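A.B. asks: Sharing a structure, written as structure tokens. Questions coming.
The values are calculated or read from the model by the stated rules, or taken from the named source; none is laboratory data. If you're wondering where the values come from, they're calculated on a predicted model, not measured in any experiment. All Cβ positions, even for glycine, are placed from backbone atoms using ideal geometry, and neighbour counts span all protein chains on display. The protein model used for the area step is the full one, side chains on, heavy atoms only, and it has no ligands, DNA or RNA in it. Shrake-Rupley method; radii C 1.70, N 1.55, O 1.52, S 1.80 Å.
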Amino acid sequence: MKDSLAQWGFDYVRLRFGFRTGVAACLSLIIAWAMGLEHPQWSAMTVWAVSQPTRGLLIEKAAYRALGTLLGTLFGMVLVVTSGGDILWLVTGLTLWVTLCVYTGNLLHGLISYGTILAGYSASMVVLLTQSPNALIPLGIDRLLTVFVGIICSLIIGFLFTYKRAEQTIINELRRHTAANLYELAQAFSDPKNTAIQLDKKLSELANLESQLLDHGTGSVSAHESAKTIRQVINTQLGFITELQIQGFEENNEVSTHLLEASNKIKASVHRKDILSSLNNAYKAMQNDAVKRRFKEFIDATEERLSFKDTGKTANSTLLSTTLLHRDWRGARHSAIRTCIILAIIGALWWYTHWFQMAYLMLGASVMLTLFSTADNPALTMRYVFFGQSVGALTAVMMQASVWQFSDSVLWMLIAIMPIILIGGFPMSHQKTANGSMDFNLVFLLLMQPAVPYMFNLSQSISVALAVIAAPLLAMLAYRVIYPTSLKKRYNQLFDLLEKEIAALNTTSLTLSQYKRRKARFYHRIFKLTQLADKLAMKDKAPIIKQLLEGQSRLNATG
């Protein structure tokens with residue numbers, strides 16, 4: 001069956017995931033209806049938004065979805081009450097709130113960034129779907145309950161049919177790469193004249209490991225701690241290899257022997273004391289003080305990692321300063337300005353014209369300008385989103401016209417859209433339709449508000465659908481015109497930032513704590529730059545290596 005699906009362009013694992021998510025979405029619809037909630041389709045939307053292929057991601061995304069929805073809904077309710085339903089005050093307050101959320105979300109990493117951004121457009125759901133204080137509390141409660149129903153259904157179906165977090169994948173990769181690196185270094189110490197370490201290759205391998213840490217460190221406190229210990233090992237490996245490039249290899253057969261022993265022991269997964277013993281023997285045999293200092297950092301990080309692997313606890317406390325991450329202050333500022341400008345324009349048009357369609361446009365724009373602001377190339381992403389939403393909106397109007405206007409029961413209306421929800425998993429699993437398939441599902445559900453009797457108005461349905469799918473077009477224009485963003489621009493901006501950071505180290509004297517923080521952030525920026533270069537298929541990493549070597553030399557001088 002898998003082979004047959006593959007021949008038709010379908011990925012079996014993704015198809016299984018999509019169908020499972022569709023089942024959970026249908027289940028949430030029925031439960032939300034049975035609870036008497038007014039917008040049961042919101043629960044199904046939550047299922048599609050929360051569901052993840054692994055348990056760790058599912059748990060953490062569900063938690064941040066709940067927290068972000070709660071904060072956004074509360075802010076939206078307060079805004080509606082304090083504004084008295086005045087459109088000008090509504091759009092002003094909402095614009096400032098969404099702008100703040102997108103700015104903060106772009107400074108954060110992983111799912112906490114998602115939760116922060118979600119708080120922004122969750123407020124939009126409350127504010128823009130009602131301006132009447134009398135309907136506010138019912139809508140706010142309905143919003144919260146439908147989201148929680150969707151989260152619970154996702155968790156139940158997810159835990160029944162989702163594999164456990166595949167944490168061993170990155171751990172096995174780390175062990176394999178570490179053993180291979182120590183083996184190559186052993187060769188270099190044995191015969192430095194005839195051995196060349198390909199730093200660009202090592203950099204890409206370590207950067208690839210680093211990119212997996214956000215997924216690995218999800219679902220529990222233990223997972224977060226595990227990711228920290230792995231990041232320490234990755235950083236210190238890069239530091240040691242880079243220092244050897246700066247200082248040069250010394251011919252030392254004793255160091256070579258002990259490094260080779262450590263490599264074999266890591267491959268065999270022997271007791272950590274035996275691995276540390278070989279590493280410490282290699283350390284004692286080294287002659288260069290700068291190289292010894294970097295290698296000692298690697299030994300300490302390895303001890304932390306192996307201790308955590310064996311006992312679930314680190315040998316010493318894992319300090320935040322050793323795992324400090326890069327924050328994109330410029331990108332966050334640009335995203336905030338872009339969001340503020342577009343929402344302010346839409347809000348002004350809504351205030352001036354009083355067209356209700358503007359509320360739907362502002363709702364869609366608040367999602368497009370926040371949720372996708374962290375994408376590598378958001379303008380390109382908007383193309384796929386537009387096509388997905390267009391098909392979803394067309395399907396919704398066709399369903400309203402052909403089935404819903406003849407239904408006399410909310411339950412049957414919900415049952416009628418279930419086949420569409422279940423089919424929604426198929427485009428997610430096909431290589432040509434995967435991009436935009438999620439947007440098809442979400443917009444279809446957004447426009448399917450059940451009510452009895454159902455009063456279908458073709459012109460109104462089409463105008464609302466057009467307002468919704470206009471949002472990605474407007475966002476695409478904004479991403480292209482207001483601080484244009486692309487992979488290449490992100491690469492150039494980060495490269496410039498590294499140049500400024502390295503130059504600033506010339507005039508800086510750092511304490512030990514500051515040194516550790518600067519070094520951790522510097523390595524993370526180097527990894528991010530390498531990841532962008534690999535996405536751009538840049539074969540020449542000489543500029544990045546130059547930054548790495550110069551930056552580490554400056555750090556050595558300041559620390």
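A.B. asks: All but one of (1) more than 30 Å from Leu532 (Cα to Cα); (2) among the β-branched types (Val, Ile, Thr); (3) over 24 Å from the mean Cα position of the chain (by Cα) hold for Val481; state the number of the condition that does not hold.
C.D. replies: Failing condition for Val481: (1).
A.B. asks: Also: Just for helices (runs of 4 or more DSSP H) wholly inside the range 446-553: which have at least 3 residues that are under 27 Å from Ile345 (Cα atoms) and among the β-branched types (Val, Ile, Thr)? Talk me through it step by step, then tell me what you get.
C.D. replies: Values: elements: 458-481, 487-504, 512-535.
Ranges flagged: 458-481.
A.B. asks: Test Lys546 against the criterion of being among the basic types (Lys, Arg) and open to solvent by 40 Å² or more (accessible area, probe 1.4 Å), and give yes or no. Show your work before the answer.
C.D. replies: On the way: among the basic types (Lys, Arg): yes; open to solvent by 40 Å² or more (accessible area, probe 1.4 Å): yes.
Yes.
A.B. asks: Which residue, of Glu225, Glu210, Glu243, Glu250, is farther than 21 Å from Ile59 by Cα and either under 26 Å from the mean Cα position of the chain (by Cα) or of a type in the set (Val, Ile, Thr) (or both)?
C.D. replies: Step by step, each of Glu225, Glu210, Glu243, Glu250 is checked, and only Glu210 is farther than 21 Å from Ile59 by Cα and either under 26 Å from the mean Cα position of the chain (by Cα) or of a type in the set (Val, Ile, Thr) (or both).
A.B. asks: Out of the residues in the range 514-543 meeting the condition of being among the small types (Gly, Ala, Ser) and surrounded by 17 or more Cβ atoms within 10 Å (Cβ to Cβ), tell me which one is farthest from Thr374 (Cα to Cα).
C.D. replies: Pass one, the range 514-543, residues among the small types (Gly, Ala, Ser): 520, 533, 537, 542.
With surrounded by 17 or more Cβ atoms within 10 Å (Cβ to Cβ) added as a condition, the list becomes 520, 533.
Working: Ala520: 22, Ala533: 17 Å.
Among those that are among the small types (Gly, Ala, Ser) and surrounded by 17 or more Cβ atoms within 10 Å (Cβ to Cβ), it is Ala520.
A.B. asks: If a residue must be open to solvent by 20 Å² or more (accessible area, probe 1.4 Å) and touching a residue at least 12 places away in the same chain (Cβ under 8 Å), how many such residues does the range 319-368 contain?
C.D. replies: So the first thing to find is which residues in the range 319-368 are open to solvent by 20 Å² or more (accessible area, probe 1.4 Å), and the list is 319-320, 322, 324-325, 327-330, 333-334, 337, 340-341, 344-345, 348-349, 351-358, 360-361, 367.
Within this subset, residues satisfying the condition of being touching a residue at least 12 places away in the same chain (Cβ under 8 Å) are 319, 322, 324-325, 327-330, 333-334, 337, 340-341, 344, 348, 351, 354, 357-358, 360-361, 367.
Summing the residues that are open to solvent by 20 Å² or more (accessible area, probe 1.4 Å) and touching a residue at least 12 places away in the same chain (Cβ under 8 Å) in the range 319-368 gives 22.
A.B. asks: Could you name every one of the helices (runs of 4 or more DSSP H) located completely within the range 322-431 that has at least 3 residues being over 23 Å from Gly68 (Cα atoms) and under 23 Å from the mean Cα position of the chain (by Cα)?
C.D. replies: Details: elements: 329-353, 357-371, 378-402, 410-423, 425-429.
Result: 378-402, 425-429.
A.B. asks: Let me ask something else. How many residues are open to solvent by less than 40 Å² (accessible area, probe 1.4 Å) and not charged (D, E, K, R) when one looks only at the range 196-212? Walk me through how you get there before you give the answer.
C.D. replies: Taking the range 196-212 and keeping what is open to solvent by less than 40 Å² (accessible area, probe 1.4 Å), we get 197, 199, 202-204, 206-207, 209-210.
Retained after the next criterion (residues that are not charged (D, E, K, R)): 197, 199, 203-204, 206-207, 209.
Number of matching residues: 7.
A.B. asks: Taking interchain pairs and intrachain pairs at least six residues apart, which have beta carbon atoms under 8 angstrom, with the first residue in the range 51-80 and on the phi < 0 side of the Ramachandran plot and touching a residue at least 60 places away in the same chain (Cβ under 8 Å) and the second assigned to a loop (DSSP other than H, G, I, E, B) and among the aliphatic types (A, V, I, L, M)?
C.D. replies: Once the first residue is on the phi < 0 side of the Ramachandran plot and touching a residue at least 60 places away in the same chain (Cβ under 8 Å) and sits in the range 51-80, its partners that are assigned to a loop (DSSP other than H, G, I, E, B) and among the aliphatic types (A, V, I, L, M) give Thr54/Ala166.
A.B. asks: May I ask you to list the residues in the range 97-119 that are of a type in the set (A, V, I, L, M) and outside any helix (DSSP H, G or I)? Full working, then the answer.
C.D. replies: At the first step, the residues of the range 97-119 found to be of a type in the set (A, V, I, L, M) are 98, 100, 102, 107-108, 111-112, 117-119.
Leu108, the sole residue that qualifies.
A.B. asks: Let me ask something else about it. Name the residues in the range 412-460 that are among the small types (Gly, Ala, Ser) and either under 16 Å from Phe17 (Cβ atoms) or open to solvent by 20 Å² or more (accessible area, probe 1.4 Å) (or both), would you? Explain how you work it out, then say what you get.
C.D. replies: Pass one, the range 412-460, residues among the small types (Gly, Ala, Ser): 416, 424-425, 429, 434, 436-437, 451, 459.
Passing the criteria: Ala416, Gly424, Gly425, Ser429, Ala434, Ser437, Ala451, Ser459.
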